[in-house]
Ligand SMILES: Cc1cc2nc3c(=O)[nH]c(=O)nc-3n(C[C@H](O)[C@H](O)[C@H](O)COP(=O)(O)OP(=O)(O)OC[C@H]3O[C@@H](n4cnc5c(N)ncnc54)[C@H](O)[C@@H]3O)c2cc1C
């Protein structure tokens with residue numbers, strides 16, 4: 001039976017980072033990816049300041065911004081900083097960059113290779129069994145590896161967005177509790193297009209309902225959706241563990257996305273790197289680095305139960321609108337999100 005030191009399921013940012021680091025340390029790594037192309041993924045591509053640590057080359061970014069617009073019933077403010085506070089990236093560009101770094105280190109990536117089952121010794125794709133010493137589940141928010149480990153997923157959002165074929169000169173967040181509850185509407189600008197989207201708890205009827213709300217919000221704001229591509233995907237933020245014997249869960253498969261903002265690229269890359277280091281160095285204490293990541297995630301998610309309450313949510317959003325008019329408020333907001 002074919003065998004590798006490490007088999008990674010999924011060639012998203014989490015899987016590719018783990019692969020690059022492991023192969024760089026001399027491990028024999030195979031990545032199995034169900035799609036025929038590495039990179040493209042339903043995602044707004046927003047990159048926060050903390051991603052600076054990940055050293056993504058600046059020339060890959062679509063846009064950078066030092067301000068954003070905050071909309072709320074009677075607030076329409078431009079929140080300005082004297083430094084860059086965010087970027088956007090095209091996921092196909094990020095995917096190609098990360099894939100090249102991994103393959104340069106000797107990683108084998110097999111596309112069109114959906115893993116259909118997992119056992120404690122091997123994984124199966126296209127009827128073929130592949131043995132592993134270590135397995136990394138980097139297969140996103142509906143993870144086959146997580147399912148095999150019997151890890152439940154209760155906190156999962158659906159994110160929807162339109163890619164509008166027009167330029168936007170600003171990034172935006174709109175908090176309207178009456179329409180979107182604890183969710184928000186974003187605008188993320190790219191070179192010639194922009195994403196307008198929102199998130200909500202996943203439910204069977206949610207997508208059409210949420211889409212209708214977003215359509216009507218866009219109409220009111222004069223955003224023409226004619227010809228815009230509609231996209232939807234899940235975001236798992238239900239973290240239940242990272243290491244399960246010789247199996248790791250990373251990125252969305254581990255539920256490491258941030259529940260309020262929906263940001264997940266940062267956690268994906270960082271957790272991929274932490275899993276790789278754990279395999280390379282037996283003395284490495286992964287707990288310290290995972291705890292640091294979880295601390296920020298949990299701080300952000302701590303507001304969710306309040307925002308979800310009909311009477312408290314609007315007050316908190318109001319507080320945010322007023323707070324962002326002050327310098328201290330803007331700094332706290334930045335720490336909280338970025
Ligand atoms: C609408 C929307 C907007 C978002 N906006 C942002 C944003 O602005 N900023 C941000 O940071 N995050 C954002 N996110 C979240 C972000 O997209 C994810 O957190 C991130 O992609 C997670 O990376 P990952 O590598 O863990 O998983 P993924 O990027 O999902 O990669 C998983 C890979 O595994 C593959 N795969 C899945 N199952 C199998 C299988 N059985 N066999 C083989 N391969 C498999 C998939 O094809 C995929 O390539 C958004 C998400 C959504 C839905």
* Asked: What residue, among those in region 34-64 that are surrounded by fewer than 18 Cβ atoms within 10 Å (Cβ to Cβ) and more than 30 Å from residue 9 (Cβ to Cβ), is nearest to the ligand (Cβ to nearest atom)?
  -> 49
* Asked: Tell me, which residue of region 224-241 that is touching a strand residue (DSSP E or B) at 6+ places or on another chain (Cβ under 6 Å) and in a loop (DSSP other than H, G, I, E, B) is nearest to the ligand (Cβ to nearest atom)?
  -> 228
* List the number of the failed condition for residue 255; all other conditions in (1) within 30 Å of residue 208 (Cα to Cα); (2) away from the ligand (no atom under 16 Å from the Cβ) hold. => (2)
* To do: Being closer than 28 Å to residue 146 by Cα and outside the structural domain of residue 41 (by TED's automatic domain parsing) narrows it down to one of 337, 242, 258, so name that one.
  => 337
* Checklist (1) part of a loop (DSSP other than H, G, I, E, B); (2) modelled with pLDDT of 95 or more; (3) within 22 Å of the chain's Cα centre (by Cα) applied to residue 84, failing item -> (2)
* Which condition number does residue 239 fail, the rest of (1) surrounded by 14 or more Cβ atoms within 10 Å (Cβ to Cβ); (2) over 30 Å from residue 131 (Cβ atoms); (3) touching a helix residue (DSSP H, G or I) at 6+ places or on another chain (Cβ under 8 Å) being met? -> (2)
* Take residue 173 and decide whether it is on the phi > 0 side of the Ramachandran plot, surrounded by fewer than 23 Cβ atoms within 10 Å (Cβ to Cβ) and either within 13 Å of the ligand (Cβ to nearest atom) or not assigned by TED's automatic domain parsing to the domain that holds residue 13 (or both). => no
* Asked: Would it be correct to say that residue 104 is more than 14 Å from the ligand (Cβ to nearest atom) and either surrounded by 14 or more Cβ atoms within 10 Å (Cβ to Cβ) or under 19 Å from residue 18 (Cβ atoms) (or both)?
  -> yes
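The values are calculated or read from the model by the stated rules, or taken from the named source; none is laboratory data. Computed from a predicted structure; not experimentally measured. A quick note on method: Cβ atoms are made from the backbone with ideal geometry, for glycine too, and the neighbour counts reach across all protein chains shown.
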